[in-house]
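> Before I ask anything, here is the structure I am working with.
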């Protein structure tokens, strides 16, 4: 693997780590490096720089080495040190697009969006030979914290540098459309949440939403033994313009795609169901975080409903599923995604909630929390289920049906 390609992989791993809430180890010579090893490499890089003239191959080599060491410090969470070294690297090679991308990332990590934007603009204007994948991932980072303009600029840089990944270009098109719906939104940071909300919505509603989310976050954090990384983005929309843009069915009032999105009626005041919707979507954020996005759909939706306060005990299950053929776990997964078919989606949601309700009562909340954590540590769903509950997927379904009285008599 060439040095340039290896550095590109470093950046990809770092950024994906931040998306998932942590910084995994990097490959290529600095993996898990101790500070003394990094300082030794830093001495080598500065030795190269002392003998270099601006624009020379030695200067470019020094910049690349300084950039790798800076990236390693970023991996270890030493953002300030990383910024210092990456800026030094940039001084030796202002045209190094990878260094500029890393600097942008480091300042995003430090939540200093003004400097992050400065280096993003420099990369767009001065670094035509950067790896396009770096900007695809930077766009995802910006999008995850609801910095739409910077996300669009990053993905446009990806496209300008020759990137052709269809999913990234599709995200660029969607982000541009979303920007057109966000022109009149206001921004407010409250506690662990960053709210973007339409100007027509009263501040009282936003503050009440923050209060509800804060209470739910404390409960979820105790349940999972984990917190969300950084501030969670929450977007409150007047009406359904965004939901129509992404084809969300009329009966759905909330969504989670890394951001909590909720549609509210400004004329209707603070609806009683708003805390439930917010808790549901926040539960998705915690399940994604703790499972590192490996939780199956039935567990995601079952837990999200359970945390919004819904319960589905045997008598209610029998009434809700009367006359219907019960699904397997794969069929439940498929039913959850059949958005146009409201009846199929409803049945899948009922079954997902029923399964989680059964596990909570029969095995205990601790087992369910550990099941999600095991998934985050790399266990396969079947393995994690057996370890934490003593059941295979087939046995879970059989036990649940027997508990609920759903088996034919």
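The values are calculated or read from the model by the stated rules, or taken from the named source; none is laboratory data. Keep in mind that this is a model prediction, so the values were computed, not measured. Cβ sites come from the backbone with ideal geometry, for glycine too, and all protein chains shown count toward neighbours.
> Checking the conditions here, which among 78, 25 is within 29 Å of the chain's Cα centre (by Cα) and either modelled with pLDDT under 85 or crowded, with 18+ Cβ neighbours inside 10 Å (or both)? Reasoning before the result, please.
Details: 78 fails: either modelled with pLDDT under 85 or crowded, with 18+ Cβ neighbours inside 10 Å (or both).
Selected residue: 25, the only one of 78, 25 that is within 29 Å of the chain's Cα centre (by Cα) and either modelled with pLDDT under 85 or crowded, with 18+ Cβ neighbours inside 10 Å (or both).
> In segment 165-192, what count of residues is obtained for those that are assigned to a loop (DSSP other than H, G, I, E, B) and at pLDDT below 85?
The first filter runs over segment 165-192 and keeps only residues assigned to a loop (DSSP other than H, G, I, E, B), leaving 165, 182-184, 191-192.
Now narrow it down to the ones that are at pLDDT below 85: 182-184.
Result for segment 165-192: 3.
> Scanning for something assigned by TED's automatic domain parsing to the domain that holds residue 49 and free of Cβ contacts under 8 Å to residues at least 24 places away in the same chain, does segment 127-140 turn up at least one residue? Walk me through how you get there before you give the answer.
Within segment 127-140, the subset assigned by TED's automatic domain parsing to the domain that holds residue 49 is 127-140.
Narrowing the set further to residues that are free of Cβ contacts under 8 Å to residues at least 24 places away in the same chain leaves none.
Within segment 127-140 (the criterion being assigned by TED's automatic domain parsing to the domain that holds residue 49 and free of Cβ contacts under 8 Å to residues at least 24 places away in the same chain), the answer is no, since none of the residues qualifies.
> Filter segment 357-376 down to residues that are touching a residue at least 24 places away in the same chain (Cβ under 8 Å) and either under 27 Å from the mean Cα position of the chain (by Cα) or within 19 Å of residue 285 (Cα to Cα) (or both), then give me how many there are.
Residues flagged as touching a residue at least 24 places away in the same chain (Cβ under 8 Å) and either under 27 Å from the mean Cα position of the chain (by Cα) or within 19 Å of residue 285 (Cα to Cα) (or both) within segment 357-376 amount to 11.
> Sticking with this structure for a sec: Could you pull out the residue among 114, 106 that is buried (at least 21 other Cβ atoms within 10 Å of the Cβ) and under 22 Å from residue 232 (Cα atoms)?
Details: 114 fails: buried (at least 21 other Cβ atoms within 10 Å of the Cβ).
Selected residue: 106, the only one of 114, 106 that is buried (at least 21 other Cβ atoms within 10 Å of the Cβ) and under 22 Å from residue 232 (Cα atoms).
> If a residue must be touching a residue at least 12 places away in the same chain (Cβ under 8 Å) and surrounded by fewer than 16 Cβ atoms within 10 Å (Cβ to Cβ), how many such residues does segment 209-218 contain? So that I can check it myself, show each step before the final result.
The first filter runs over segment 209-218 and keeps only residues touching a residue at least 12 places away in the same chain (Cβ under 8 Å), leaving 209-210, 212-214, 216-217.
Okay, now just the ones that are also surrounded by fewer than 16 Cβ atoms within 10 Å (Cβ to Cβ), so 214.
Number satisfying all stated conditions: 1.
> For segment 304-317, give me each residue that is under 12 Å from residue 404 (Cα atoms) and surrounded by 13 or more Cβ atoms within 10 Å (Cβ to Cβ).
Selection gives 312, 313, 314, 316, 317.
> Right, next: Can you tell me which of 82, 89, 72 is more than 19 Å from residue 47 (Cβ to Cβ) and assigned to a helix (DSSP H, G or I)?
Values: 89 fails: more than 19 Å from residue 47 (Cβ to Cβ); 72 fails: more than 19 Å from residue 47 (Cβ to Cβ).
Answer to the check: 82.
> If I filter segment 92-122 down to residues being in a loop (DSSP other than H, G, I, E, B) and within 20 Å of residue 145 (Cα to Cα), which single residue comes out as modelled with the lowest pLDDT?
111
> Find the residue count for segment 233-249, including only residues that are without any contact (Cβ under 8 Å) to a residue 60 or more places away in the chain and either surrounded by 13 or more Cβ atoms within 10 Å (Cβ to Cβ) or closer than 20 Å to residue 284 by Cα (or both).
Just the residues of segment 233-249 that are without any contact (Cβ under 8 Å) to a residue 60 or more places away in the chain, to begin with: 234, 236-240, 243-244.
In the following step, the residues that additionally are either surrounded by 13 or more Cβ atoms within 10 Å (Cβ to Cβ) or closer than 20 Å to residue 284 by Cα (or both) were identified as 234, 236-240, 243.
Residues meeting the conditions: 7.
> Here's a follow-up. Of the conditions (1) within 18 Å of residue 305 (Cα to Cα); (2) outside any loop (DSSP other than H, G, I, E, B), residue 206 satisfies every one except a single condition; which number is it?
Among (1) within 18 Å of residue 305 (Cα to Cα); (2) outside any loop (DSSP other than H, G, I, E, B), the lone unmet condition for residue 206 is (1).
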